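Here the structure is laid out as structure tokens; the discussion comes afterwards.
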Ligand SMILES: [Cu+2]
């Protein structure tokens, strides 16, 4: 038979887990409800050229390289102004999302600091040929 002490501990643990789960819900956004925004890279343009995001909202940025060579979405200032989910952080290196021809990837993030951040492709001459844009956090 369960002692009073064991039963009391069980109740205490139940409360602990319920409150822990509640706290988790409060700080973790529901990524299944994140808005997907497609960002397409081609030779030699970004679409949209001006990416508009709202501060505090969860987004899934879907980067697609439809060009015939490697491109990247290079904006260290933009990536410094957002919080990226830990699982997706490795997809951004040195402030860039690098994509081979035909490759795509998702980066889930929450914009934090409002501002207008320049975006470019850092491959040789690509910015000059038109791969320039901006990311705006409102
Ligand atoms: Cu490029």
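When the test is whether a residue is modelled with pLDDT of 95 or more and either part of a helix (DSSP H, G or I) or surrounded by 15 or more Cβ atoms within 10 Å (Cβ to Cβ) (or both), residue 15 does not pass it. I'd like to know if segment 104-116 contains one or more residues that are out of contact with any helix residue (DSSP H, G or I) (no Cβ under 9 Å at 6 or more places or on another chain) and at positive phi. Checked against the condition, which is being out of contact with any helix residue (DSSP H, G or I) (no Cβ under 9 Å at 6 or more places or on another chain) and at positive phi, segment 104-116 yields no hits at all. Being more than 15 Å from the chain's Cα centre (by Cα), modelled with pLDDT of 95 or more, crowded, with 20+ Cβ neighbours inside 10 Å and closer than 13 Å to residue 135 by Cα, is that true of even one residue in segment 32-47? For segment 32-47, residues more than 15 Å from the chain's Cα centre (by Cα), modelled with pLDDT of 95 or more, crowded, with 20+ Cβ neighbours inside 10 Å and closer than 13 Å to residue 135 by Cα: present.
Tallying residues that are under 12 Å from residue 61 (Cβ atoms) and assigned to a strand (DSSP E or B) within segment 88-98 yields 1. Hey, could you check segment 116-135 for residues that are surrounded by fewer than 16 Cβ atoms within 10 Å (Cβ to Cβ) and in a strand (DSSP E or B) and say which is farthest from the ligand (Cβ to nearest atom)? Of everything passing the filter in segment 116-135, 116 is farthest from the ligand (Cβ to nearest atom). Within segment 71-80, no residue satisfies the criterion of being surrounded by fewer than 16 Cβ atoms within 10 Å (Cβ to Cβ) and within 16 Å of the ligand (Cβ to nearest atom). On inspection, residue 97 passes the criterion of being within 16 Å of the ligand (Cβ to nearest atom) and closer than 26 Å to residue 28 by Cβ. All told, residue 89 falls short of being in contact with a strand residue (DSSP E or B) (Cβ under 6 Å, 6 or more places away or on another chain), surrounded by 10 or more Cβ atoms within 10 Å (Cβ to Cβ) and modelled with pLDDT of 85 or more. Candidates 113, 83, 105: the one that is at pLDDT 95 or above and within 16 Å of the ligand (Cβ to nearest atom) is 105.
The values are calculated or read from the model by the stated rules, or taken from the named source; none is laboratory data. For clarity, every value in this text was computed on a predicted model and none was experimentally measured. Glycine also receives a Cβ, built like all others from the backbone with ideal geometry; neighbour counts cover every protein chain displayed.
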